[in-house]
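What follows is one structure encoded as structure tokens, with my remarks underneath.
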Amino acid sequence: MDKRISIDPKVCHGQACIKGTRTPVHQIIRMMVNSNTIEKLLEEYSSISRDDILACLEYVVSTAKKN
């Protein structure tokens, strides 16, 4: 997961993002909650991969477990 998700105070105000992009994890998760499929996300965001999306899901789950 840490190979695909980064947190940098200089990128998107320090929000967790897909590494090498300015795509916040919360944006991908929000779209999935609103019935977007992985395939639809891959169409919308050509710069991300299926593994990036799965890393977003893993990030959210691991963050929730800590809280």
*Mind listing just one residue for me: the one in the range 42-67 that is of a type in the set (Gly, Ala, Ser) and part of a helix (DSSP H, G or I) and, of those, nearest to Lys3 (Cα to Cα)?*
Ala55
*Can you tell me which residues in the range 4-19 are touching a Ser or Thr at 6+ places or on another chain (Cβ under 8 Å) and either farther than 16 Å from Tyr45 by Cβ or not hydrophobic (A, V, I, L, M, F, W, C) (or both)?*
Lys19
*Quickly run through the range 5-18 and pick out the residues that are in a helix (DSSP H, G or I) and surrounded by 14 or more Cβ atoms within 10 Å (Cβ to Cβ).*
Cys12
_Looking at Lys10 and the list (1) at positive phi; (2) out of contact with any Pro (no Cβ under 6 Å at 6 or more places or on another chain), which single condition is not satisfied?_
(1)
*Top-ranked residue in the range 19-48 [being within 13 Å of Tyr59 (Cβ to Cβ) and touching a strand residue (DSSP E or B) at 6+ places or on another chain (Cβ under 7 Å); ranked as most open to solvent (accessible area, probe 1.4 Å)]*: Lys19
*Determine whether the range 24-41 contains at least one residue that is in a helix (DSSP H, G or I) and of a type in the set (Asp, Glu).*
yes
*List, please: which pairs have Cβ atoms under 7 Å, are six or more places apart or on different chains, and start with a residue in the range 26-45 that is modelled with pLDDT of 95 or more and end with one that is of a type in the set (S, T, N, Q) and open to solvent by 60 Å² or more (accessible area, probe 1.4 Å)?*
His26/Gln15
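The values are calculated or read from the model by the stated rules, or taken from the named source; none is laboratory data. Only a predicted model underlies this, so the values are computations on that prediction, with no experimental measurement involved. Backbone-built Cβ (ideal geometry, glycine too); neighbour counts: all protein chains shown. These area figures cover heavy atoms from the full protein model, side chains too; ligands, DNA and RNA do not enter into them. Shrake-Rupley method; radii C 1.70, N 1.55, O 1.52, S 1.80 Å.
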